[in-house]
1. Chains B and A: buried accessible surface, both sides, probe 1.4 Å, rounded to 100 Å²?
2. Per DSSP H run of at least 4 residues, take -39500 (n - 2.57); add these up for chain B, divide by its residues and hand me the 222 nm value, nearest 500 deg cm²/dmol.
3. Can you give me the angle between helix A:120-130 and the longest principal axis of chain A, using Cα atoms only, in degrees from 0 to 90, rounded to the nearest 10?
4. How about A:LYS318: which lysines have a C-alpha closer than 26 Å to its C-alpha, ignoring those fewer than 8 places off in the same chain?
5. Treating the beta-carbon of each Lys and Arg as +1 and of each Asp and Glu as -1, no other charges, what is the dipole magnitude of chain A about its Cα centre, to the nearest 20 debye?
6. Computed over the Cα atoms, what is the radius of gyration of the stretch B:26-100 divided by 2.2 N^0.38 Å, N being its residue count?
7. Divide the volume of the convex hull of the Cα atoms of the stretch A:392-436 by its number of residues and quote the answer in cubic angstrom per residue.
8. Run the label-point distances for A:ALA391 please: 7 Å along Cα to Cβ, every other copy, nanometres, shortest first.
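The values are calculated or read from the model by the stated rules, or taken from the named source; none is laboratory data. Everything numeric here is computed off the predicted structure, so don't read it as measured data. When we count neighbours, we look across all protein chains shown, and the Cβ atoms used for this are built from the backbone with ideal geometry, even at glycine. For the accessible areas, the whole protein counts, side chains as well, though only heavy atoms, and no ligand, DNA or RNA atoms are used. Shrake-Rupley method; radii C 1.70, N 1.55, O 1.52, S 1.80 Å.
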There are 2 protein chains.
Amino acid sequence: MTDADVKKQFVEDLTDQSDDFSRWYNEVVRKAQLADYSPVRGAMVIRPYGYAIWEHMQRLLDGRIKATGHQNAYFPLLIPESLLQKEAEHVEGFAPECAWVTHGGREELEERLAVRPTSEAMVCHMYSRWIESYRDLPVLINQWANVMRWEKVTRLFLRTSEFLWQEGHTAHATHEESLGEVLRMLDVYRDFVETELAIPVYAGPKSESEKFAGAEMTYAIEAVMRDGKALQAGTSHDLGQHFAKVFDITFQDEQGKRQHVWQTSWGLTTRMVGGVIMTHGDDQGLKLPPRVAPHQAVVVPIWRKDGEKAAVLEFTAKVRDALQGRVRLHVDDRDQYSPGWKYNEYELRGVPVRLEIGPRDVAQGSVMSVRRSGRAKEPIPFDRLGERLPALLEEIQQAMFQSALEFRDANTTVVRTVEEVEAHFAEKRGFVALPWTGDAKVEARIKEKTGATLRCIPIDQTPFRDHAPDGSKLALFARAY
Amino acid sequence: MTDADVKKQFVEDLTDQSDDFSRWYNEVVRKAQLADYSPVRGAMVIRPYGYAIWEHMQRLLDGRIKATGHQNAYFPLLIPESLLQKEAEHVEGFAPECAWVTHGGREELEERLAVRPTSEAMVCHMYSRWIESYRDLPVLINQWANVMRWEKVTRLFLRTSEFLWQEGHTAHATHEESLGEVLRMLDVYRDFVETELAIPVYAGPKSESEKFAGAEMTYAIEAVMRDGKALQAGTSHDLGQHFAKVFDITFQDEQGKRQHVWQTSWGLTTRMVGGVIMTHGDDQGLKLPPRVAPHQAVVVPIWRKDGEKAAVLEFTAKVRDALQGRVRLHVDDRDQYSPGWKYNEYELRGVPVRLEIGPRDVAQGSVMSVRRSGRAKEPIPFDRLGERLPALLEEIQQAMFQSALEFRDANTTVVRTVEEVEAHFAEKRGFVALPWTGDAKVEARIKEKTGATLRCIPIDQTPFRDHAPDGSKLALFARAY
C-alpha cells in the first residue's frame, strides 16, 4: 500500500462525528486502544494507553487533593446490606444498582454484601468509631477505588458497571465549615478539569430532583461534548447531618456537649477519559491535552535509502537525549510501518505534536514539528528543542481550552420561557439557560417534553447577568450523558 | 499526668514482643492507626497513616515496573465462573476461596461471577483477542488492584479477605524469554524490598507442592520476621503455556507458523506493610524505614513559659521552610499534648528522626536530632540541616537493613539431615537450610512433623556453598505467615 492508500483507509475506517457521533466515539476508543469490552456485561478493560491518561489525571488530581489537606485511605469493597439500609434515601437510590455477593468460598453468607456503589455507608460506620472529640475534626479522607453500579448498557468509560474513581469523605464540626469544604472541592474539580483536561465547565448546585441519594444538596461541574450533550464531570455533596444521625457520628464540642458531625463527599471518575475524548476529538481521531497525554510528542524518523538510515537514527537518538525528562516522548523507529502510516496512527491516538526527522532535517540540524490540531508546521533547530517544545505544548494546551470554551459558549443559549426551552431542544442541543425560581414543576415539564435535565445553577452568573429578571438566577438545562 | 507517667502508660499499654508477638503486632497496628477492623468479616480498613506507607511503596515499585518496560492497565473485578474453570489446577486452587456475586440489581445472574482472587483468567481471555502476531509480543502489562480471597481469620495486613496488590501479566514468544522475565521481576522485587523496605530476602524457586495454582513453577522472595517466622514477600510465576493452551492465546511467528505464547505473572501485596512492621518494630512500637515513612522526621517544639513560645515557633517555621521539599517533615505544635507525650507517640508511630527545638536550641541556632532507633542524639546547626538530615535518614535506612540482615543471618541455620531439621523446629524458629534433591517425601515429612514448609531454594547459594554435598543445593524451610 502507498501512503495515500493507507491514509484513505484510515479516514474511511473512522466514522465522521457528524455522521454518527456515538459510533465515532466507540471506534476511536477501540482503534486507539484506550479500552475494550470484557466478557462480563457492563464491564470494560482499560488498556494501557487509556490507563496512562487516567494515571496522569490521578497524579494531577491527587496532588490537588493532598494540597488541600486530605489524606488517602482504603475502605472495604463489600458493604453489608444492613449498613447500606441505614440511610433511607441512600438505599433507595443505590440498592437497585448493586451487585450482591451471597457466597463466600463454599458457604452461603448470613447477610448479603453489596459490591460498593459508593462508600458513604462503610465510611460513616468507621467514622462513628473514630470520631470522639472536636479535636478529631475535621476528618479529611479520600479514597481511590473501584465501584460498581449494575448497568444494562455499556458505553466505554461513560457508562460501565464497574468504574474507577476517587471519593472524598469529610466530617466537620459545623455546617458552615462543611459547606466551605463542598465548595472548595467543587472548585478543585473545576480547576483540575479546566487546567489539566482543557475542558471548560459550569459549576453550581443541582436541583432537589437531581441530587445524590442521601445528600442535603449536590453541586456539580458540567461540560458540553462536541455532540452538544452535557457531561457531569464531578460532584461535591453537602451531606448535612443525614448520615451522621443514622450512623450516630457524634463529637464532644469544646463545651463538652455532644453533637452530630456535618459531612461532605465528592467524586470524579474514569468517565472523564470519555470527557476528554468527546470534548477534543475530531474526524481524524483523538486530540489529547498535552498535560494528560501519555506521549506528548512522537518522533517519526524518515529515510528512503539505507544510506540515510544511520544518520537519521543517530540524530533521532540525540533528540531523544535532549528531551529526556522535559517532554514525554515516544520514538517510533519501527521498520515495518511507513511514515505515512505512523502519521495517521498518532493522529488517531491524539499525540499533540509529531516530530519528523528526515535526511534534510538532519542536514539542517533541526526537526519539523507538526501540531495534531490543524497540522501547523514549524521547524525547530536542535539547540532550541528543549526550550521550544515544552512551550509549544503549553500553547497547544491553552489553544485547546480556548477552542473548547468557544464551542461551549456557542452552545449555550439564553432563553426567557419554558416554551423557548422546548423549541430549542426540538431542533438543537447544548446548554439552555433559563431564569428559574426553584419550581420543580417547570423542571419536570422540561424533562418530560425535551429529555433535558437541570444540570446546575451556575454559581458564577456573570455570563447571564443581563438576562436575570429581578435577582433570580438562571439554571442550565441540557440532554446529558 | 507527668511525662514519666505518660511514658510508663505507653510502655505498659504496648505488649512486649517477647511476651506475645502476635498481640504486640495487633496493638501496634491499631494504636499507630495503620489499620482497623471493618464490619465485614475478614476485611480491613487501611487508615491514612498505613495507606501513606503503601503509597510510598506503590510509587517506588511502580517506577521499577515501568523502568523495566511494563505499562499499567485495568481489568474487570468480576470473573465469570466459566472463565475461572478453564485452567483445572487454577480453579481447584482458587474456587474454594472466592466470593461470589449471584445477583445484579434485582435480577439473579445466569452465571455467577467471582470477585477476582487474581486476574489470570480475565487477562488470558483478553490476551487471546489482542495477540495475533509476533509483532504484538512481548505484552508487558501490570495492574494495581484489589483482590479477594475468602478468609475466616483476619490478621491486619497479613491475612485479609480483600487486599491490595499489583499483578503483572506478560506474554512472550519463547520460554527462554518468559523465564528471563520471571527472574527479572523476582530481582526487581528483591531490589525493591531490600533497598526501600530495608528487608533482606532469600530469592529462588519454590517446590512443586508450594507453587501457584496453574503455574509451571513459582519463584519467591522470603524474609524472616522478628518472631522467627518467614514471610513470603513477593512471587513471580513461570506459567509456561498452561494458560495459553486452555485460553487459546496464539501468535503467528516470523515463519508464519501459529504458536502458543509463554506467560508469566507476578505480584506483591499490602501484606508487605505487615512485613515492615514485623521486621523492624520493637517494644516501643513501629520503626519505619525512611524511604517509605510518611513522616521522615517530626519536629517537636518545646517551651515552658509563654515568653519562650514565640521564639521557638518562629525558629520551628524557619526549620520547616529550610527542609521543604528535601525531607517529609511533620511539625507537631499542638498545645494540648506535652513534649513527652509526643516523643512516645512518634516513637510508637516509627518516625525515623525526632527534631527537638527548645529555647536553648533556638539560642544556639541548632536543633537536637534524636534517632528513633537507639535514641542517639546529635545537635545539627540550622545551616547544616538541609544537608545533614537527608544524610542522616540515609544512614538510618542502611543501618536498618544491616540490622535486619544480621538478624536474618543469625536466624538461618544450616543442617545436614531431616532429623536436625526436626530437632531445630522443636526448639527454635527461623530458616533452616538443608541439602535437598527435590524429594517431595522429605518436604512432606518436615511439614508434617514441624509445620515448616519449603520457602525457596535460593538462587544465590553463596552462603551455603561449603555445606552442599556434591553439587546439590540447599533449600530453606521455615514456619511461615
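1. 4700 Å²
2. -12000 deg cm²/dmol
3. 60 degrees
4. Cα-Cα hits under 26 Å: A:LYS305, A:LYS309, A:LYS342, A:LYS377, B:LYS66.
5. 980 debye
6. Working it through for the stretch B:26-100, the quotient is 1.53.
7. Once divided by residue count, the hull of the stretch A:392-436 is 62 Å³.
8. The answer, with the shortest distance listed first, is 4.0 nm.
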